[in-house]
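Read the structure below first, then the notes.
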Amino acid sequence: MLLSEVVPDSNARQYAVQRLAKLLRHPDDLVFKAEEVRRKLAQEKMLIDAQLNTDVRRQFDDVQEGLELLYSTTGQIDRVKTDMQKVDELCNRAQSYLPNFDRIQQVSVANRNFVRAEEFYRQFSDFHQQYTHVREMLADAQDNFRQGNFNLLRLHFSLHRLEDFRSRALGFTGVDDVDSKQTLAQMFGGLDALVRDFEEFLWMVAGNMYDLALRSRSNIIVQLLKVVESEEIADRVQERENGAAGLSSAAKSPKASGPRREREIKHYKQKLLKFIHDFVSSRVAEFFKQEAKGLDGITEVTGFVVDELTFVGDTVAPAFPSNYFIFDVYVDEYHQAVVRSTNELAAGDLDGGSILTLLRWVREYHGAIRKELSIPKDQLRPALLEGREDQLAQEYLDIAIKKIREWITNLMRTEHESFVGRLDAPSMGEDGLYVTGSSTYLFEIINQNIELVIEAQRAKLLCDLVSECNKIFQDVSKQWRDLLDAEKSKQIDAPETAAEGLVDYTMALANEQIRSVVQAETIRDETGDRLSRSHQERFKAELSQTMDVFMNVAEAATQTLADIVFSDLRPITSALYSPDWYQDDLLQPVIETLKDYCQDFHDHLDKYLYRRLMQDLLSRFALSYIDAVAGKVKFHKGQATEKLNHELHRASKFFKEHIDSSAVSDILNVVRILVSLIDSTPAMIFLEFFSIKKQYPDLPLPLIEDILSKRDDLEKQQLKSILESLRQKSKGDTGSSLAKQRTLFSKLKNYPPLGTVAAKGRFM
């Protein structure tokens, strides 16, 4: 078999690549199988070349034989022409042998005309009887239609003989024979009505083909089609005669012989196909109206079309001639009727749910047609919804996002008013956590739209929907962060103007964001697994972004809580290392304040956020001890380190009640570094500094300089030498080299990280 017989030339290269892919499935095949494959393909090429040579040689032989036959035919035609000329000469010579040949010829013509006239007279006399018989046959067939006791072929044959006789009778009348024409018109007047009645009955039979097939009366359908084929043959004969008459009239002028009545071209096959079109169209339209009832039951259309076409293929199509391709005709008619009815529905104003119903049904429709009838989507023309699926999907997306945005805007307006007014305490969930309840309402509408899109089997639309929702969530997130900043500023800078309960409402907001994160994660994990692999990655990425948006608000809320706590502690933290700090116990009010806040956080804040908040509070607590070095303070060696160690012990004990002890030790270790630098001897400062530097690469040198310069035990010259040595050894440190080694020291307010604008401004 030649490759060109297997695949088209345009696909030969693709076929070759696919075949090689099957032969060489693994990388090792290039080493172990390549030579064998090359040898096998070479053998196949030799066989193909040999077959091609044989076929070409055979074609040349056939052409040579045809040319020889054509040459011999030319000689035979010349011989026939010569023989016909001889026959013509003999005929002309024979006429001269008979002196009365013209009279004999006239007598022969008269005899033939007499026989024809006698036959015509007999038929003319029997016409009324034949007409009455055909009329009775038709009436009997109409009366017994439901029983199927009639024969269309016999009825059509009898009627055809009457029509043929009328045509010949009218051909016998002369052009100017008005009386004869009127007489014949009166005689044949009822025949046209009989023909119309027969055609009505014929199309009534066509309209009941489904019922006849259902009652196993396919023989009547066959009779109907034989009638149609008979009329089609007669139409073609008449068309040829009309064409021949046209050529004849163009070649010579008409003679005085009377005109013959032309047969009317009936186009029964065309009418039958038009009848099938009208029948299917009305049947589908009626189903849409009565059964589907618009978009509410459009999914029922798929089963209807499949059942109808299955019935046609099993019972109706076998009765038709193969050249009708009648099953394909019915497929086209049903599909086009469905397209027309669907377009009428889609032309109206559709809401989001209706659009998704349409989109889901279109996919189900094509899937069912392909599965049940083995008809691919490409064969169905025109496309359902006229190819407007992407446009409708975008319309749905616009409608859904508009409604979601309006709904969320109204929800957020209510939430913002409640958050700012704080007239009542926030709601409390079953677990004792403060909540607002907004996440429940928020994801209710989101889940509704997601489920609708999933049912419509539109994975790309689902990803687009989540992407657009993320834009809304980002806007909402910014509004919440701005509101938190505004309310926090009011609480810290002008507490007399702020409503009470900001801490409680901030905890409720943070908890609600975590609940939103959990719901988004549930959708990501459960719904994502229901999507195809091609869309699964994008969908999960979009939901992960959604979770990040909500988590950002939750973190902003916990930072607000920490800011409020330390705004209350600011008078105490600003007095660190001052004379009051050396004389009084300033840590006790700090711990008591933290206890009050932390108890509320423990009882009413999400556990995850609570741990994050406690780590943030601990970090800020430690950083407050470091940042306080920048003030006008003095470190009294011995006294300062003793007090710092004592406070670190008490603080460590407090924070270990709320978070992991190892985390407490790691964070408070930055304050212990301060202790070690205050307590180090001048000779050990250099080693101590670089020991700390290994653990904390972002340790600011200005901080070390401030600590050492504020020690009361170092002389100026000694201090200058130490600082110069530290500066020389630290020249290699740059902001870029430390960017990937950030520790708690990078969060200092008074000692910004190396390389930042604040750090440059501080020492310029």
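A short reminder: the numbers here are calculations on the coordinates, not readings from a lab. Computed from a predicted model, the values in this text were never measured in an experiment. Positions of Cβ are backbone-derived with ideal geometry, glycine not excepted, and every protein chain shown enters the neighbour counts.
For the stretch 393-549, what is the relative contact order in percent, using Cα pairs closer than 8 Å and at least 6 residues apart in sequence?
Numbers: 121 pairs, mean separation 50.9, N = 157.
Over the stretch 393-549, the number comes to 32 percent.
Based on the Cβ-Cβ distance of ASN447 and GLN14, what FRET efficiency does E = 1/(1 + (r/R0)^6) give at R0 = 56 Å, to the nearest 0.05? Could the numbers behind the result be given before it?
On the way: r = 45 Å, r/R0 = 0.80.
The calculated FRET efficiency here is 0.80.
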- [ ] Report ³J(HN,Hα) in whole Hz for each residue of the stretch 481-490, in order, from the Karplus equation J = 6.51 cos²θ - 1.76 cosθ + 1.60 where θ = phi - 60°; Gly and Pro get x.
- [x] 5, 5, 5, 4, 4, 5, 5, 5, 4, 5
Task: Per-residue ³J(HN,Hα) for the stretch 373-381, Karplus 6.51 cos²θ - 1.76 cosθ + 1.60, θ = phi - 60°, Hz, x for Gly and Pro - done: 10, 6, 10, x, 4, 5, 7, 8, 10
- [ ] Measure nothing fancy, just the Cα-based angle from helix 12-23's long axis to the longest principal axis of the chain, in degrees from 0 to 90, nearest 10.
- [x] 60 degrees
Open item on the list: Just to be sure I understand the model, the point goes 7 Å from the Cα along the line to the Cβ. What's the resulting GLU264 to GLU136 distance in nm?
Closed with: 2.6 nm
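Please work out the ratio of the alpha-carbon Rg of the stretch 31-86 to 2.2 N^0.38 Å and round it to two decimals. Don't jump to the answer; show the numbers that get you there.
Numbers: Rg = 24.5 Å, N = 56, 2.2 N^0.38 = 10.2 Å.
Output field value: 2.41.
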- [ ] Give the long-range amide H neighbours of VAL435: residues separated by 5 or more places, or on another chain, with amide H under 5 Å away, using H modelled in the peptide plane at 1.01 Å from N.
- [x] SER427, MET428, GLY429
- [ ] Could I get the Rg over Rh figure for the stretch 360-455? Both from C-alpha atoms, Rh via Kirkwood, rounded to two places.
- [x] 1.26
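Classify the stretch 610-649 from the C-alpha gyration tensor, please: rounded if a/c falls under 1.5, else prolate or oblate depending on whether a/b exceeds b/c.
Numbers: a/c = 5.99, a/b = 1.80, b/c = 3.33.
It is oblate, given that a/c is not under 1.5 and a/b is not larger than b/c.
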Task: Amide H within-cut-off set for ASP660, under 5 Å, with H built and near neighbours excluded - done: none
Task: Dipole in debye (nearest 20) - the stretch 605-690, about Cα centre, beta carbon charges: Lys, Arg +1; Asp, Glu -1 - done: 200 debye
- [ ] Work out the FRET efficiency for ARG533 and THR743 from their Cβ-Cβ distance, taking R0 = 41 Å, and round it to the nearest 0.05.
- [x] 0.50
Task: Nearest-20 debye value, the stretch 374-488 charge dipole, Cβ charges on Lys, Arg, Asp, Glu - done: 300 debye
- [ ] Could you tell me which of ALA234, LEU212, VAL222 has its Cα farthest along the dipole of the stretch 195-234 towards the positive end, charges placed at Cβ (Lys, Arg +1; Asp, Glu -1), taken about the Cα centre?
- [x] LEU212
TODO: For the stretch 293-338 and the stretch 437-461, write down the distance between their C-alpha centroids in whole Å.
DONE: 36 Å
- [ ] Specify which residue in the list LEU138, ILE707, THR73 is farthest towards the positive end of the charge dipole of the chain, using unit charges on the beta carbon of Lys, Arg (+1) and Asp, Glu (-1), about the Cα centre.
- [x] THR73
- [ ] Against the globular-protein guess of 2.2 N^0.38 Å, express the Cα radius of gyration of the chain as a ratio, rounded to two decimals.
- [x] 1.85
TODO: Return the distance in nm (one decimal) between the two label points of a simple spin-label model at ALA575 and ASP192, each offset 7 Å from Cα along Cα→Cβ.
DONE: 12.3 nm
Open item on the list: Helix 607-627 against the longest principal axis of the chain: what's the angle in degrees, Cα atoms only, rounded to the nearest 10?
Closed with: 40 degrees
Open item on the list: If I model the stretch 292-382 as equal point scatterers sitting on the Cα atoms and use the Debye formula, what is log10 I(q)/I(0) at q = 0.23 Å⁻¹?
Closed with: -1.20
Task: Dipole in debye (nearest 20) - the chain, about Cα centre, beta carbon charges: Lys, Arg +1; Asp, Glu -1 - done: 2440 debye
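Report the rotationally averaged projected area of the stretch 586-688 based on its alpha-carbon convex hull, in square nanometres.
Numbers: hull surface 29.0 nm².
Dividing the Cα hull surface by four gives the mean projection, 7.3 nm².
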- [ ] Hey, can you grab everything whose amide H is under 5 Å from the amide H of PHE635? Only 5+ residues off in sequence or another chain; H modelled, so Pro and N-termini drop out.
- [x] ARG711, ASP712
TODO: With everything on Cα atoms, drop me the angle between helix 300-311 and the longest principal axis of the chain, reported from 0 to 90° to the nearest 10.
DONE: 30 degrees
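For the stretch 276-427, what Kirkwood radius comes out of the mean inverse Cα-Cα distance, in Å?
Details: mean 1/r = 0.0553 Å⁻¹.
With all distinct Cα pairs of the stretch 276-427 included, I get 18.1 Å.
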- [ ] Can you give me the P(r) profile for the stretch 463-583? Cα pairs, bins 10 angstrom wide beginning at 0, each as a whole percent.
- [x] 13, 32, 23, 17, 10, 5, 1, 0
TODO: Counting only C-alpha contacts under 8 Å and six or more residues apart, can you give the relative contact order of the chain as a whole percent?
DONE: 7 percent
Open item on the list: Using 0.36 nm times the number of residues separating HIS602 and TYR71, minus their current alpha carbon distance, what extension gain do you get?
Closed with: 180.0 nm
Task: Positive-end residue of ALA456, MET507, CYS469, charge dipole of the stretch 406-548 with Cβ unit charges - done: ALA456
- [ ] Could you order peptides 717-726, 454-463, 58-67 by the average number of other Cβ atoms within 10 Å of their residues, highest first?
- [x] 454-463, 717-726, 58-67
Task: Average Cα contact separation per residue, the stretch 480-556, under 8 Å, 6 or more apart, as relative contact order % - done: 38 percent
Open item on the list: If you average the C-alpha positions of the stretch 197-218 and of the stretch 533-596 separately, how far apart do those two centres end up, in angstrom?
Closed with: 85 Å
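With a Förster radius of 25 Å, plug the Cβ-Cβ distance of PHE311 and TRP203 into 1/(1 + (r/R0)^6) and report the FRET value to the nearest 0.05. List each step's numbers first, then the result.
On the way: r = 21 Å, r/R0 = 0.82.
E between PHE311 and TRP203, to the nearest 0.05, is 0.75.
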